[in-house]
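The values are calculated or read from the model by the stated rules, or taken from the named source; none is laboratory data. Everything numeric in this text was worked out from a predicted model, so none of it was measured. Every residue, glycine as well, gets a Cβ built from its backbone with ideal geometry; the counts of neighbours run over all protein chains shown. Side chains included, ligands, DNA and RNA excluded: accessible areas come from the protein's heavy atoms. Shrake-Rupley method; radii C 1.70, N 1.55, O 1.52, S 1.80 Å.
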Amino acid sequence: MSTDPAVPPVSRREFDALFAALRTWGRWSPAGRGAWNRVTPDHVRRAAALVRDGTPVQLGLPWDTRPGPENPRPALHYMSDLGDVEPPEPATHKDFLGADYHGKGVSHLDALSHVAYRGQLYGGHPARDVIGAAGARFGAVAALGPLVTRGVLLDLPAVVGADWLEPGRPVHARDLAGAERSLGVRIDEGCAVLVRTGRFRRRRELGPWDVAAAGAGLHVDAVPLLAERGIALLGADGDNDLRPSPVEGVHSPVHALAVAAMGVPLLDNLDLEALAVACAGAGRYEFLLVVTPLNVPGGTGSPVNPVAVL
């Protein structure tokens with residue numbers, strides 16, 4: 001829990017009341033898609049109309065096989081065929097990929113089976129009943145399918161005139177509302193909200209650090225605004241949560257509120273640097289966003305490389 005006097009602490013009692021207030025359990029069918037049910041064909045058509053320049057921007061990090069303070073379990077990549085396994089002509093070259101991706105080093109999507117609070121997944125499903133060694137029987141990433149919707153970038157360093165937000169800096173509801181006004185964009189129903197803190201600009205200039213111990217991110221008081229607007233997806237260049245947590249006994253409160261209470265999948269560890277440049281150059285902070293997680297039955301999420309198109 002944070003001991004910074006600038007970070008308002010939240011008691012467990014207050015957090016539980018907020019969790020109950022933000023729950024959308026029983027609202028949609030199929031329940032395993034959660035807030036992605038908000039995105040209708042009309043949302044997709046309106047999002048497609050945002051494509052003006054035809055500029056695609058990928059948001060996934062490079063596949064990182066090097067250990068470091070933010071990547072203690074590196075992804076795997078090795079060659080399994082150097083053109084000498086099969087009969088000649090044509091020679092083929094093959095490689096293997098693997099990742100323990102729920103961490104700080106891989107761009108990934110958290111499905112609804114990834115987070116339980118007080119033993120319950122989204123919708124009140126007891127985690128012990130629906131998750132086992134074979135995977136998840138509720139809220140698996142395969143139930144989500146692809147998402148095509150309007151994306152909104154809230155570039156917080158640009159708003160405050162900085163290169164990045166320092167680790168441990170909370171992002172409050174007032175910061176999100178101020179970013180909307182400053183950037184001339186509005187969060188609305190069915191959209192995907194991407195929050196830039198400048199993590200990878202800082203990493204490039206100062207080197208890596210343990211982002212699990214100290215990272216800029218959303219304070220829990222920012223989540224009701226996102227719930228009120230009816231978002232479908234939340235993403236960030238960190239893992240969306242403020243580190244350290246402001247809630248005693250809850251290490252990832254935004255994960256609990258978004259995924260387990262609201263049914264909103266999360267995108268963690270996005271590289272938003274190129275998108276920030278593209279949005280500033282275009283003078284607009286909304287775009288078509290395409291997210292295509294792997295179709296993994298029973299999976300709790302997926303490595304992902306979302307694409308924004310301006």
query = Mind checking which residues of region 69-82 are out of contact with any Lys or Arg (no Cβ under 9 Å at 6 or more places or on another chain) and either on the phi > 0 side of the Ramachandran plot or not in a loop (DSSP other than H, G, I, E, B) (or both)?
reply = Leu76, His77, Tyr78
request  = Tally the residues that are touching a helix residue (DSSP H, G or I) at 6+ places or on another chain (Cβ under 6 Å) and within 25 Å of Pro8 (Cα to Cα), restricting the search to region 172-194.
outcome  = 6
task = Kindly indicate the residue of region 24-42 that is in contact with a Leu (Cβ under 8 Å, 6 or more places away or on another chain) and within 18 Å of Cys191 (Cα to Cα) and also most open to solvent (accessible area, probe 1.4 Å) among those meeting that condition.
result = Arg33
task = Can you work out which of the residues in region 48-83 that are over 22 Å from Arg150 (Cα atoms) and of a type in the set (S, T, N, Q) is least open to solvent (accessible area, probe 1.4 Å)?
result = Asn71
Evaluation of Arg45 against (1) in a loop (DSSP other than H, G, I, E, B); (2) open to solvent by 50 Å² or more (accessible area, probe 1.4 Å); (3) closer than 20 Å to Gly230 by Cα (one fails), failing number = (1)
request  = Report yes if Leu61 is under 24 Å from Gly198 (Cβ atoms) and not acidic (Asp, Glu), otherwise no.
outcome  = yes
request  = Pick out, from region 89-161, the strands (runs of 3 or more DSSP E) lying fully within it that include 2 or more residues that are open to solvent by 10 Å² or more (accessible area, probe 1.4 Å) and charged (D, E, K, R).
outcome  = 93-98
key: Among (1) more than 30 Å from Ala274 (Cβ to Cβ); (2) touching a strand residue (DSSP E or B) at 6+ places or on another chain (Cβ under 8 Å) - the single one Leu156 does not satisfy   = (1)
inquiry  = Need the failing condition index for Ala227 against (1) buried (at least 24 other Cβ atoms within 10 Å of the Cβ); (2) among the aliphatic types (A, V, I, L, M); (3) under 16 Å from the mean Cα position of the chain (by Cα), just the number.
reply    = (1)
key: Count of region 197-249 residues which are among the acidic types (Asp, Glu) and closer than 27 Å to Trp36 by Cα   = 5
request  = Consider only pairs whose beta carbons are under 6 Å apart and that are at least six residues apart or on different chains; among these, list those whose first residue lies in region 210-237 and is over 24 Å from Val148 (Cα atoms) and whose second residue is of a type in the set (Asp, Glu) and in a loop (DSSP other than H, G, I, E, B).
outcome  = Val211/Glu70
remark   = Taking region 259-310 and the residues there that are charged (D, E, K, R) and either open to solvent by 20 Å² or more (accessible area, probe 1.4 Å) or on the phi > 0 side of the Ramachandran plot (or both), the one that is nearest to the chain's Cα centre (by Cα) would be Asp271
